[in-house]
Protein chains: 4
Amino acid sequence: MHIAYIGLGNMGAPMALNLHKAGHQVTAFDLSPDALRRAARYGLRTAASAADAARGADVVISMLPASAHVEALYLGPAGLLACLPAGTLVIDCSTIAAASSRRLAEAAAQHGIGCIDAPVSGGTGGAAAGTLTFMVGGSAGDLERARPVLQAMGQAIFHAGDAGAGQTAKICNNMLLGILMVGTSEALALGVANGLDPAVLSEIMRRSSGGNWTLEKYNPVPGVMENAPASRHYTGGFGTDLMLKDLGLAQDSAAAARAATPLGGLARNLYAAHSLAGHGALDFSSVIRLLQKPAP
Amino acid sequence: MHIAYIGLGNMGAPMALNLHKAGHQVTAFDLSPDALRRAARYGLRTAASAADAARGADVVISMLPASAHVEALYLGPAGLLACLPAGTLVIDCSTIAAASSRRLAEAAAQHGIGCIDAPVSGGTGGAAAGTLTFMVGGSAGDLERARPVLQAMGQAIFHAGDAGAGQTAKICNNMLLGILMVGTSEALALGVANGLDPAVLSEIMRRSSGGNWTLEKYNPVPGVMENAPASRHYTGGFGTDLMLKDLGLAQDSAAAARAATPLGGLARNLYAAHSLAGHGALDFSSVIRLLQKPAP
Amino acid sequence: MHIAYIGLGNMGAPMALNLHKAGHQVTAFDLSPDALRRAARYGLRTAASAADAARGADVVISMLPASAHVEALYLGPAGLLACLPAGTLVIDCSTIAAASSRRLAEAAAQHGIGCIDAPVSGGTGGAAAGTLTFMVGGSAGDLERARPVLQAMGQAIFHAGDAGAGQTAKICNNMLLGILMVGTSEALALGVANGLDPAVLSEIMRRSSGGNWTLEKYNPVPGVMENAPASRHYTGGFGTDLMLKDLGLAQDSAAAARAATPLGGLARNLYAAHSLAGHGALDFSSVIRLLQKPAP
Amino acid sequence: MHIAYIGLGNMGAPMALNLHKAGHQVTAFDLSPDALRRAARYGLRTAASAADAARGADVVISMLPASAHVEALYLGPAGLLACLPAGTLVIDCSTIAAASSRRLAEAAAQHGIGCIDAPVSGGTGGAAAGTLTFMVGGSAGDLERARPVLQAMGQAIFHAGDAGAGQTAKICNNMLLGILMVGTSEALALGVANGLDPAVLSEIMRRSSGGNWTLEKYNPVPGVMENAPASRHYTGGFGTDLMLKDLGLAQDSAAAARAATPLGGLARNLYAAHSLAGHGALDFSSVIRLLQKPAP
């Protein structure tokens, strides 16, 4: 298939490459000349503008930092929707506000263009390995059209509901993940302060009613889990500042819907304190340091 | 084996019965004549006092409401430790302060009596079915002596560490469980407020990084999980007031150890508000009601 | 002075009337015909559009619900800034995002129009009595030009800093007020649960290091303070949903500035739960009900 | 009057000295020989034991660290109550659990001994200057007998209610103080992160509805208030670890009374994190550092 790929950051570049490896004809664009050069070096065809990249494409995929970038790419008189032929399919993989996704889907529908929001989880590791999870909002028909493309980049594909539902599902999941990480860190720190071995306590809780994803895959105590970021000085996972951003989006969403999320709000503010203390670039499991004496 | 069983409440009675069914010679005692009569009706031998029940026993098991009851049973000049022969094994299954468990273990050691703290999780359902989980503090030798007895009452047995470690492990686990339940409720309520189907969102998070025990076994939204208390009007599970008690013990433990548990402390206070609103007797998954409009 | 007054809601109408009473020539506009009729009945001259109202005005005052309304009024090719003569002074009394206020101030400067953000505190009572507090962002010169106009509507005028600083000061103050109210309610509820008389405890804390504005002016326990909303069934003060909105703005501001405000975030989510329980229209001091058994 | 004074720590020693200066005949005792020697050097008569100090005293005053010390001093067969003549008055100024104070008062009543709990606020500065605040639990009659003695040590005397009420009032007040300090720090940090001058914002909030004791007397931002601990590197005030202890007592009290204090619980856990980070000995206003980037 002819695919235009817009946004070649840490996530976007390996995702585009996996499409290329799967045999799709990918034309890529990014505002950064460096990112474009790197993409070309890996064998991707590149274009001079988003509109150029999109010319002749069956599918346009975007992976951008925030709502404003996505709206600027697609909407308005100079946006892509105004120049794409009817029948094109837009797959926006950015993590943005659900309201923006809905705005995009409505505008696309007016041009006869299919559109899904398909934010991902799985991090840069999952992007490189092609094992991402997609949470999709949009019609079942558009999702079926997108499926072979998504399968080249990821493993699990969930249909969350109508336009915007992918964003909502992702933000709910990541808010919960932030809570799981802080809560698990608290339980482990409390046990250790009372003399327990963190590996023993982790194993007990993992197999009891405290069991959760962080105890399965991502233990925050150094040395307990060999492959977790905690065991390599909290490098190389999902950064504190990215978790802080997602927890902020969850609070925005709660404010818009007048929902109450006390633990989610507190997790956001604890991550903010952790970031202010200078740990924004560390993996998000490093939040356990907020609950421990600094190593001497 | 000859077993004295002290404390025949909602948990203790079915546990004693399972020992009896497994072929042990159980003599039971409770301060409540009603509880004693019920036990006799189920075929248990009963005694007129704890000391009477303990006469000739190889193992004494206790299942009592709080630290004060346990200390009154065993310690002091009139306590059981003063009259049990050296070599007896004490298994205290009560959920109490770790400091009380350590006090009991030290006093037992002075009498040459073995002692483990072995609080349980699994609720009255697990007690009846013999599928409880035991979290054990004490020596490996005492645990091995206790193992055949514990196996008659439960499925999983974890050795958490020295005396008191069973209590600490249980309280860490249950604090984390309280956080999981409130956090999962928040994520589901946020999704529903944004138009998502709670069953769809539950399934997505369960299989993603938000996965946790409550999404596996104990979904708080009515109708999502047929066998969960939420689907029977929040009856018949682990009560709000019991979770409130455990979260309070966790804060006690945090205060004693100068540990920081912000989400655990907040969960305790949210459960307190939920109980004050009149929901103390409902299952603890009903805390989601604190985050929802009341049904009309 | 000739004043155009845009926005005649619960706050705007009495503010405009006070300007009229002070001898200013006020022309008023609101999108709601009802609001316009009421204003005319009170003796205000009314106009058919904002632009009509602004014709010939020395000063334009706006009091609108949210950022979007303010930006729609002033900005864009059809906005007021495009038709006001240089030298006009714009006073925006709306409580909106500081970023919006800065955007407005920059656009005004390009047209040679003076501009301050001047959000108020004091509620509808203060608006009617002319005792509002203004927190002003903008240049000292523009504030001095505005001072006589502000003095006709309020008592205290604070210069918080440059454009947007009025909004920031208000949102910081109101976030703190939300915390004071919840915190004071907690302390009083804890004392009462331990048998203390709330009036006695209030007086002790008011004169000790717990002293704060809510204990001076706005006690949340019914009967302690005759004139407080608590003593008239929580009616007639500053509504729960308005406090919820301001606490949400504070979290927006914290997210934008990457600031950490754990108590502020928690207060927002507690007010959200209180509103969900059906108390959104009650005075914000009613949040103490979240911490008490319901009256029988 | 003949006064026995037990407990000559940082608070007790200057309090005893003020009684001496006011003309009372004070006999002092402390378990620490160093403390006794210091007291003697300042001119106080000292005794070899608490019982010796109490012989012939009209009034016994105690100022001890925790419930266990107070109970050990007065209760049991070897306690002071067993040897004091009926008619003596006991004034316990320690900050302890209200339940301990009630236990002491009941035991005293059985011996015909008057008893009040009279915990103080005002810190070591107030102790030295004789400007402490006393929050008193007990009968009005006992308080009147104690008044001249208390007046030699303090300025304000509040009658909170029956036995234990002094403790409850103090703990409610100090929980609220902890909330005020964290909340005010958050508001100031949020304002500064948005470009406001902390002195200007402090002044605005002090005179608005955010007004509270910390803005009057104890501003947490260095340089805003010359005499506050913040302006001398957070030294010399009320320590973080003392606030942490009081916030822990408040959570104990909330657990015992099944009260909900979400902000109080969160403040306790934030102070715990601040202490774990190594700031336990700094003044409690230093908690603002948890919300700021560290100085470079």
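The values are calculated or read from the model by the stated rules, or taken from the named source; none is laboratory data. Note that the coordinates shown come from a computational prediction; the quantities given were computed from them, not determined experimentally. Quick reminder, even Gly has a Cβ in these numbers, built from the backbone with ideal geometry, and neighbours come from all protein chains shown. Remember, those area values only see protein heavy atoms, side chains included, never the ligands or the DNA or RNA. Shrake-Rupley method; radii C 1.70, N 1.55, O 1.52, S 1.80 Å.
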Scanning region C:121-133 residue by residue, those assigned to a strand (DSSP E or B) and farther than 16 Å from C:Cys172 by Cβ turn out to be C:Leu132
Selection within region A:158-183 - touching a residue at least 60 places away in the same chain (Cβ under 8 Å), more than 7 Å from chain B (Cβ to nearest Cβ) and at negative phi:
A:Ala163, A:Gly166, A:Gln167, A:Lys170, A:Ile171, A:Asn174, A:Gly178, A:Met181
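Being assigned to a loop (DSSP other than H, G, I, E, B) and of a type in the set (A, V, I, L, M, F, W, C) narrows it down to one residue among B:Ala78, B:Ala72, B:Ala99; which is it?
Values: B:Ala72 fails: assigned to a loop (DSSP other than H, G, I, E, B); B:Ala99 fails: assigned to a loop (DSSP other than H, G, I, E, B).
None of the other options fit; the residue is B:Ala78.
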Which residue is farthest from B:Gly183 (Cα to Cα), if the candidates are limited to region A:280-296 and must be open to solvent by 40 Å² or more (accessible area, probe 1.4 Å) and over 20 Å from the mean Cα position of the chain (by Cα)?
A:Pro296
Look through region A:94-128, keep the residues that are open to solvent by 50 Å² or more (accessible area, probe 1.4 Å) and modelled with pLDDT of 95 or more, and return whichever of them is nearest to A:Leu247 (Cα to Cα).
A:Arg102
Which of (1) part of a loop (DSSP other than H, G, I, E, B); (2) out of contact with any His (no Cβ under 6 Å at 6 or more places or on another chain); (3) in contact (Cβ under 8 Å) with a residue 24 or more places away in the chain is the odd one out, the single condition D:Leu36 does not satisfy?
(1)
Consider C:Ala228 against the criteria (1) crowded, with 23+ Cβ neighbours inside 10 Å; (2) of a type in the set (A, V, I, L, M); (3) in contact (Cβ under 8 Å) with a residue 40 or more places away in the chain: it satisfies all of them except one. Which criterion is unmet?
(1)
Hey, could you check region D:184-196 for residues that are open to solvent by less than 10 Å² (accessible area, probe 1.4 Å) and in contact (Cβ under 8 Å) with a residue 60 or more places away in the chain and say which is nearest to the other protein chains (Cβ to nearest Cβ)?
D:Glu186
Given the conditions (1) modelled with pLDDT of 95 or more; (2) crowded, with 16+ Cβ neighbours inside 10 Å; (3) out of contact with any Gly (no Cβ under 9 Å at 6 or more places or on another chain), report the number of the one that D:His20 does not fulfil.
(3)
Residue tally, condition facing chain C (nearest Cβ under 7 Å) and either touching a Ser or Thr at 6+ places or on another chain (Cβ under 9 Å) or more than 18 Å from D:Tyr271 (Cα to Cα) (or both), over region A:269-296
3
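Scan region B:134-169 residue by residue and report those that are part of a helix (DSSP H, G or I) and open to solvent by 20 Å² or more (accessible area, probe 1.4 Å). Walk me through how you get there before you give the answer.
Going through region B:134-169, the residues part of a helix (DSSP H, G or I) turn out to be B:140-151, B:165-169.
Residues satisfying the conditions are B:Ala140, B:Gly141, B:Asp142, B:Glu144, B:Arg145, B:Arg147, B:Pro148, B:Gln151.
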Looking at (1) part of a helix (DSSP H, G or I); (2) within 22 Å of D:Ser209 (Cα to Cα), which is the one condition that is false for C:Leu276?
(2)
Taking the criterion of being aromatic (Phe, Trp, Tyr) and surrounded by fewer than 19 Cβ atoms within 10 Å (Cβ to Cβ), would at least one residue in region D:30-45 satisfy it?
yes
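Each row is one residue, and each column tells you yes or no for (1) open to solvent by 50 Å² or more (accessible area, probe 1.4 Å); (2) more than 7 Å from chain B (Cβ to nearest Cβ).
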position	(1), (2)
A:Pro198	no, yes
A:Met205	no, no
A:Glu216	yes, yes
A:Asn219	no, yes
A:His233	yes, yes
A:Leu244	no, yes
A:Gly248	no, yes
A:Ser253	no, no
A:Gly265	no, yes
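Suppose we filter C:Ile91, C:Ile61 for residues that are more than 16 Å from C:Lys170 (Cβ to Cβ), outside any helix (DSSP H, G or I), open to solvent by less than 10 Å² (accessible area, probe 1.4 Å) and in contact (Cβ under 8 Å) with a residue 40 or more places away in the chain; which single one remains? Lay out the reasoning, then the answer.
Working: C:Ile91 fails: more than 16 Å from C:Lys170 (Cβ to Cβ).
The match here is C:Ile61.
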Which condition does B:Cys93 not pass, out of (1) within 14 Å of another protein chain (Cβ to nearest Cβ); (2) within 13 Å of the chain's Cα centre (by Cα), if it passes all the others?
(1)
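State the number of residues belonging to region A:72-115 that are of a type outside the set (Gly, Ala, Ser) and within 15 Å of A:Ala163 (Cα to Cα).
First, pick out the residues of region A:72-115 that are of a type outside the set (Gly, Ala, Ser): A:73-75, A:77, A:80-81, A:83-85, A:88-93, A:95-96, A:102-104, A:106, A:110-111, A:113, A:115.
Then drop every residue that is not within 15 Å of A:Ala163 (Cα to Cα), which leaves A:89-93, A:95-96, A:102-104, A:106, A:110, A:113, A:115.
Final tally of qualifying residues: 14.
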